[in-house]
Amino acid sequence: MKIVVLTGAGISAESGLKTFRAEDGLWEQHSIEEVATPEGYERNPRLVREFYNARWQQLGNGQVQPNAAHRALAELEAREEIDLTLITQNIDNLHERAGSRRVIHMHGELAKARCPRSQQVFPMVMPFSADNCCTCCIPAEILRPHVVWFGEMPLQLNQIYQSLSECDLFVAIGTSGTVYPAAGFVDMASQSHAQTLEINLEPSEVQSQFQYHLRGKASEMVPKVAH
Ligand code: BV8
């Protein structure tokens, strides 16, 4: 059975990471334009680096651990009869730390940096500082997070579209369905005659496009359906 799972910030909420649109969300303190666009980075690279460094340090401080939802998806991947494609909008590494081995980070990864000139990507020693010299010898002060900002092309879209065209079941977990092209994946899966399930605390902006809905916390709901 071919299953495609799309996760959003809601799957990491119970691990202690902020989502974007909750009252105390990431974009309460900073607008999207300020910290999640190339223009915002050009205008104020220091602010953007501080925004990502703070998230990286929170992720690396040991208190943030994968939760039962991440672990259930890793166990699902290991089952022989399941061909799982796990796509995440999240830039944290909680799926990998839960044991998932094939994760598509369509919006990039907090733990990596990119050289704006060579586009070379490599593990990042945070925080951004002068000694993080990129191997293509670009001065570290212009390194940028390996993250897809608004207006930039998400990663591995061809692989994602291929998996959506072949899947039997599409499941969205913990995403508000507000950002495209990810929010459009349910429609693509439906057009491929896949069954569709939304697992979320509240209805997403595309909830009407799902056949089935499970309302509740990811750490409670995902293990129920994954086992
Ligand atoms: C692109 C990385 C060209 C950075 C992110 C008008 C219409 C349609 C599209 C557009 C438009 N104008 C512009 C666009 C395109 C734009 C877009 O969609 N804009 C929006 C604002 C309308 N998109 C882009 O620019 C994308 N690129 O379009 O390129 C292209 C592409 C394809 C083909 C041709 C051309 C690039 C977008 C990437 C932006 N980067 N993140 C970072 O992380 O800092 S976006 C960021 O927000 C996330 O990555 C995610 O994608 C998005 C939504 O966040 P969620 O994960 O859903 O989190 P949120 O807080 O919103 O919701 C959490 C949910 O969890 C809630 O529903 C909550 O109820 C639930 N929840 C909470 N706790 C729990 C829970 N559920 C279960 N259990 C819990 N415990």
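Structure notes:
- Once C-alpha pairs closer than 8 Å and six or more residues apart are averaged by separation and normalised to the residue number of the chain, the relative contact order reads 23 percent.
- Formal net charge of residues neighbouring P38 (Cβ-Cβ distance under 13 Å; K, R +1; D, E -1): -2
- Stokes-Einstein D in µm²/s, Kirkwood radius over Cα pairs - region 163-219 at 37 °C with 0.692 mPa s viscosity: 295 µm²/s
- Potential extension, Q159-L47 segment - 0.36 nm per residue separation minus Cα distance: 37.0 nm
- For I199, I173, the sequence from fewest to most other C-beta atoms within 10 Å is I173, I199.
- Spatially proximal lysines relative to K18 (Cα-Cα < 23 Å; intrachain offsets below 8 disregarded): K112, K217
- Label-point separation, D187 to E220 (7 Å along Cα→Cβ), nm: 3.3 nm
- In the distance distribution for the chain, Cα-Cα pairs more than 22 Å apart total 52 percent.
- Label point distance in nm, E166-K112, each placed 7 Å from Cα along Cα→Cβ: 2.2 nm
- Environment charge at E81 (Cβ cut-off 15 Å; Lys +1, Arg +1, Asp -1, Glu -1): -3
- Axis of helix 157-166 versus longest Cα principal axis of the chain: the two differ by about 0°, to the nearest ten degrees.
- Per-residue [θ]222 nm for the chain (sum of -39500 (n - 2.57) over DSSP H runs n ≥ 4, rounded to 500): -9000 deg cm²/dmol
- Taking a point 7 Å out from the Cα of R102 in the direction of its Cβ, the residues of region 1-26 whose backbone N falls within less than 19 Å of it are 1-7.
- The chain: antiparallel DSSP beta bridges as a percent of all, rounded to 5: 25 percent
- To the nearest ten degrees, helix 45-60 and the longest principal axis of the Cα atoms of the chain are 50 degrees apart.
- Electrostatic bookkeeping for K2 treats Lys and Arg as +1 and Asp and Glu as -1; over the other residues with beta carbon under 15 Å from its beta carbon, the sum is -4.
Values quoted throughout were computed directly from the atomic coordinates according to the rules given, and no laboratory measurement underlies them. Keep in mind it's a predicted model, so treat the numbers as computed, not measured. Positions of Cβ are backbone-derived with ideal geometry, glycine not excepted, and every protein chain shown enters the neighbour counts.
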